[in-house]
1. Using only atoms on other chains, find how many Cβ atoms lie within 10 Å of each Cβ of peptide B:41-51 and report the average.
2. Give the order of A:Leu46, B:Leu11, A:Leu118 when sorted by the count of other beta carbons within 10 angstrom, beginning with the fewest.
3. Determine, for the protein assembly as shown, the count of lysine pairs separated by eight or more sequence positions (or lying on different chains) whose alpha-carbon distance falls under 22 Å.
4. So for A:Trp34, B:Trp35, fewest C-beta neighbours within 10 Å to most, what's the order?
5. Using all Cα-Cα distances in the protein assembly as shown, what percent lands in each 10 angstrom bin from 0 up to the longest?
6. With just the Cα atoms defining each centre, how far is the range B:75-110 from the range A:8-64? Give it in Å.
7. Applying a 10 Å radius around every beta-carbon, put A:60-71, A:105-116 in order of their mean neighbour count, most first.
8. Under the Kirkwood approximation applied to all pairs of distinct alpha-carbon atoms, what is the hydrodynamic radius of chain B in Å?
Amino acid sequence: GAGVSQSPSNKVTEKGKDVELRCDPISGHTALYWYRQSLGQGLEFLIYFQGNSAPDKSGLPSDRFSAERTGGSVSTLTIQRTQQEDSAVYLCASSLRDPHRVNTGELFFGEGSRLTVL
Amino acid sequence: AQRVTQPEKLLSVFKGAPVELKCNYSYSGSPELFWYVQYSRQRLQLLLRHISRESIKGFTADLNKGETSFHLKKPFAQEEDSAMYYCARPPAGGSYIPTFGRGTSLIVHP
C-alpha cells in the first residue's frame, strides 16, 4: 500500500498569512505524529494523535499552531499568522499502535512539507 | 532527563574510511533503540533496530550498556552513505512519544 502522504510538498507564504499542511497516514495506523525539522535543530516533536483519544499537544511551540485529525485518519496542521521562524520542513509520521498486535515502534514518515515564510 | 544524544552535528570522511556515528542514551536498563536515515530528497526511514541485531547496508550498531551507547558503525564508507542519521528511542514506558537525537549529517567524500 501507499506510504504516508503529505501535501503540499512546498509552500511559500508571506509573513502573517495562515497555512494548512495535510497528512494522510498509512491505512490502519492509529498513531500519527507531526514533527518540525529545521537545519541544525533536529526533529522537534509537535503533536501526537492516537485513535480517538485527546491529542498530546505538548510540543506545539505557540498557540498559532493547531492540528486536527478527522475520522482517525487524515490530519491537518494549521499555522496562523506565520512568522519567518516558522520556516522549516514539517514531517508527518504514522505508526501502528494496536494492543492486539505486535508493535515494532517504527515510525513511517512522509516526505514532508517545506514551508518558507518570506 | 531521559534523552538520546548525538554529539556530532557533522561527520566528514573519505570513501573507504571507517565511520562511526555516535549515540548515547540516558535510560536505565536495556532500552530499545533505532537508527533512522534520511538520504537527500528522500523520506526519513528506519535503518536498523537494536533488537534485530542485523546489518543493513553494511551498518551495524551494538548496545553497550557500560558506556550507554548505541554507535552506528560501518567499516568502509561509500559515497551513497552520505545522509542525515538519527538515533531514536521508540515509544516506551508509558510514553507514546519517541525520542530522537538531534541528528548527524554524514558526508562521504570521493
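Bear in mind that the values in this text are calculations on the coordinates, not laboratory data. None of the values given here were measured: they were computed from a predicted structure. Here the Cβ positions follow ideal geometry from the backbone for every residue, glycine too, while neighbour counts run over all protein chains shown.
1. Across the residues of B:41-51, the mean count of other-chain Cβ atoms within 10 Å is 4.
2. Neighbour counts put them in this order, fewest first: A:Leu118, B:Leu11, A:Leu46.
3. 15
4. Values: A:Trp34 26, B:Trp35 23.
Ordered by Cβ neighbours within 10 Å, fewest first: B:Trp35, A:Trp34.
5. It works out to 8, 32, 35, 20, 5, 0, in whole percents.
6. What the calculation gives is 20 Å, centre to centre.
7. A:105-116, A:60-71
8. The Cα-based Kirkwood calculation yields 14.1 Å.
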